[in-house]
Amino acid sequence: KGVVRDPATGDLQVVTVTPENESRILVHDAHATSPTTAFALSRLADPDTLHHTPIGVLRSVDRPVYDTQMSDQLDAAVEQHGKGDLGALLAGGDTWTVVG
């Protein structure tokens, strides 16, 4: 068995590999930047029998982690502007009133 992409729709389907379709067999790269193929593979399972359920690492990319980026951004802000004072911010004169 193998997976091929329909050139007209982009859908994936499981096929029996033959000499005629062997060149169309999809070779998946879990490290690809785009998540398109990994997502399509994850949606390939047959909902009735689950006989053709892809199993394994579908996506493995190195990307920045949100927590790390947020922590770095907060550290940079404290370094540039100081620690700050929440009480002074809340009692400060830069306020406005909603009328309506």
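Here are the numbers for this structure:
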quantity: Prolate/oblate/rounded call for the chain, Cα gyration tensor, a/c under 1.5 rounded; calculated: prolate
quantity: Additional length obtainable on full extension of the chain from Thr95 to Val27, 0.36 nm per residue less Cα span; calculated: 18.6 nm
quantity: Shape of the stretch 11-56, Cα gyration tensor, a/c cut at 1.5; calculated: oblate
quantity: The stretch 2-64, relative contact order [Cα under 8 Å, separation at least 6], %; calculated: 28 percent
quantity: Between helix 66-81 and the chain: long-axis angle, C-alpha atoms, 0 to 90°, nearest 10; calculated: 20 degrees
quantity: Mean residue ellipticity (222 nm) of the chain, computed from DSSP H runs ≥ 4 via -39,500 (n - 2.57), nearest 500; calculated: -8500 deg cm²/dmol
quantity: Separation of alpha-carbon centers, the stretch 34-99 and the stretch 1-25, rounded to whole Å; calculated: 35 Å
quantity: Charge dipole of the chain about the Cα centre (unit charges at C-beta), most positive-ward option of Ala8, Val65, Gln80; calculated: Ala8
quantity: The chain, dipole about Cα centre (Lys/Arg Cβ +1, Asp/Glu Cβ -1), debye to the nearest 20; calculated: 260 debye
quantity: Global geometry of the stretch 45-100, whether rounded, prolate or oblate, following the gyration tensor of its Cα atoms and the 1.5 cut on a/c; calculated: oblate
quantity: The chain - accessible surface per residue (Å², probe 1.4 Å); calculated: 86 Å²
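The values are calculated or read from the model by the stated rules, or taken from the named source; none is laboratory data. On a predicted model such as this, the values are computed, not experimentally measured, just so you know. We place every Cβ from the backbone using ideal geometry, glycine too, and count neighbours over all the protein chains shown. Accessible surface areas use protein heavy atoms only, side chains included; no ligands, DNA or RNA. Shrake-Rupley method; radii C 1.70, N 1.55, O 1.52, S 1.80 Å.
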